[in-house]
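**Q** Structure in structure tokens, see below.
The values are calculated or read from the model by the stated rules, or taken from the named source; none is laboratory data. This is a predicted model, so every value here is computed, not measured. Every residue, glycine as well, gets a Cβ built from its backbone with ideal geometry; the counts of neighbours run over all protein chains shown. For accessibility, only protein heavy atoms count, side chains too; no ligands or nucleic acids. Shrake-Rupley method; radii C 1.70, N 1.55, O 1.52, S 1.80 Å.
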Amino acid sequence: MKTIRANAEKILTDNMNHVNGQIGVQSSGGSDVQTKLFTIKTYIENEARNNPNFFRWLFNNYDIDFHGKNMTEEQKAEYQTWLNDL
């Protein structure tokens, strides 16, 4: 069984920082509306919900269906443990 890629946390943290930077730029237009930035967990949960290839990429396994629909129980458990440990 393939496991979560070793550098996943680093890549996702870098991506989150980029997105948060973009949110910060967009919200600095003088509006008093407060924007909420991502944490690493909320960013990953958002990616898992919205990116159909997220679990394929995370496990480096392109046999996984879009949105992880055919993930094994072991993969689901590994993902949950990994996410909770962040």
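**Q** Once you list every other residue whose beta carbon is under 10 Å from the beta carbon of residue 38, what net charge do they have if Lys and Arg are +1 and Asp and Glu are -1?
**A** That sum, taken over residues with Cβ under 10 Å, equals 0.
**Q** Put a dot 7 Å past each Cα toward the Cβ at residue 73 and residue 60; how far apart are the dots in nm?
**A** 2.7
**Q** Taking the 0 to 90 degree range and rounding to the nearest ten, how far is the long axis of helix 40-50 tilted relative to the main principal axis of the chain, both from C-alpha atoms?
**A** For 40-50 against the chain, the angle is about 70 degrees.
**Q** Do any chymotrypsin sites (Phe, Trp or Tyr not before Pro) in the chain lie in a DSSP loop with no more than 11 other beta carbon atoms within 10 Å, and if so, which?
**A** Here the chymotrypsin sites (Phe, Trp or Tyr not before Pro) that fit, given the DSSP loop and packing criteria, are 62.
**Q** Related question: Where nothing but the Cβ of Lys and Arg (+1) and of Asp and Glu (-1) is charged, how large is the charge dipole of the chain around its Cα centre, in debye to the nearest 20?
**A** The dipole magnitude comes to about 100 debye.
**Q** Further question: Can you give me the accessible area per residue for the range 1-83, using a 1.4 Å probe, in Å²?
**A** Here the per-residue accessible area is 66 Å².
**Q** Could you check the spin-label model distance between residue 5 and residue 51? Points 7 Å from the Cα along Cα→Cβ, value in nm.
**A** For residue 5 paired with residue 51, the spin-label model returns 0.9 nm.
**Q** Quick one: longest stretch of the chain between exposed loop trypsin sites (Lys or Arg not before Pro), exposed meaning at most 15 other C-beta atoms within 10 Å and loop per DSSP?
**A** 37-68
**Q** How far, in degrees from 0 to 90, does helix 73-85 lean away from the longest principal axis of the Cα atoms of the chain, to the nearest 10?
**A** 40
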